[in-house]
């Protein structure tokens, strides 16, 4: 006998769980297990809260860690890999800057403004109204996009930000070179040219950094192609646990 | 033992018995509570559902959606039922344990009368 989920109860009942716990559970669980497993967490939490709120919270977070370990690593594999690759890329960039000498020489606010603001504006122009920030939230949620067309459309925004960053970077370099050429005299040439050139190509550095980050974001969004939807993730969990059990 | 006969592990055996203990229809938190009260074994829901998914894949259990309640934040229960294959697997597993443990006399325990398992460990 299968009882259909009570849609009315679902919509009117308030969740007993803290909103952070609810969000983590929804994020990490495959769609097919969200309702029963979150319901079990709610019931356990509700019963334990009657004895002690602290104990109930401790129990709940123990369950969340176990669910993250058992399901999150599979359902959100793409997000975890994206997070790790971003950390790696940023660490390598910082290492290159620090090993290159005084990192203060890599900081130039006007260059940041030249690259960053037009890139963000270009991305906002491409994104549909009210969806600009949701593009970024997609980077940590594997389940939101279902079709290849959707993925390509959302990935395109990061491509546009990266391309604009590079265009503005080259614009900054050319503008800087023009300024250097126009303001350097024969007497000051030896003292001025190299420090000025170093500042001039900073826009290119910032453009490349932003392009690299956007490249990874684009890969992340397209990586779901072929449908790592939540139900596929559930099937893959089943296959994995079957293999583990047989081994 | 036939080739098709499923081999189950200790945790799987406990879960199957916990479901059968509650009239062969039980859901996640109930199975967890049964294991805690009967075996003093605390089981996390993540580990429980992973094992249940595996057993469902092996055909040892089936599932069906149940009713929702306000206590569960309006979310439905997922009931698990041990299939005939699962019941046979757990029966064979218990029979094997019984056969193996029938003539065991625990020499260390009988030589050290008064010692508890905790003392030895």
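The figures follow:
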| read-out | value |
| --- | --- |
| Check on residue A:212, modelled with pLDDT under 50, assigned to a helix (DSSP H, G or I) and surrounded by 16 or more Cβ atoms within 10 Å (Cβ to Cβ) | no |
| Residue list for the range A:136-155, filter: assigned to a helix (DSSP H, G or I) and within 15 Å of the chain's Cα centre (by Cα) | A:136, A:137, A:138, A:139, A:140, A:151, A:154, A:155 |
| Residue satisfying condition, being within 25 Å of the chain's Cα centre (by Cα), assigned to a helix (DSSP H, G or I) and touching a residue at least 40 places away in the same chain (Cβ under 8 Å), within set A:67, A:80 | A:67 |
| Residue A:186 being surrounded by fewer than 17 Cβ atoms within 10 Å (Cβ to Cβ), outside any helix (DSSP H, G or I) and modelled with pLDDT of 50 or more | yes |
| Options B:64, B:98; residue that is modelled with pLDDT of 85 or more, out of contact with any helix residue (DSSP H, G or I) (no Cβ under 8 Å at 6 or more places or on another chain) and more than 9 Å from every other protein chain (Cβ to nearest Cβ) | B:98 |
| Test result for residue B:58, within 9 Å of another protein chain (Cβ to nearest Cβ), modelled with pLDDT of 90 or more and touching a strand residue (DSSP E or B) at 6+ places or on another chain (Cβ under 9 Å) | no |
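For every residue, the table says whether it meets (1) more than 18 Å from the chain's Cα centre (by Cα); (2) exposed (fewer than 14 other Cβ atoms within 10 Å of the Cβ); (3) at pLDDT 85 or above; (4) assigned to a helix (DSSP H, G or I).
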{"residue": "A:101", "(1), (2), (3), (4)": "yes, yes, no, no"}
{"residue": "A:111", "(1), (2), (3), (4)": "yes, no, yes, yes"}
{"residue": "A:128", "(1), (2), (3), (4)": "yes, yes, no, no"}
{"residue": "A:134", "(1), (2), (3), (4)": "no, yes, no, yes"}
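The values are calculated or read from the model by the stated rules, or taken from the named source; none is laboratory data. Just so it is clear, the model here is predicted, and its values are computed rather than measured. Here the Cβ is made from the backbone with ideal geometry for all residues, glycine too, and neighbour counts use every protein chain on show.
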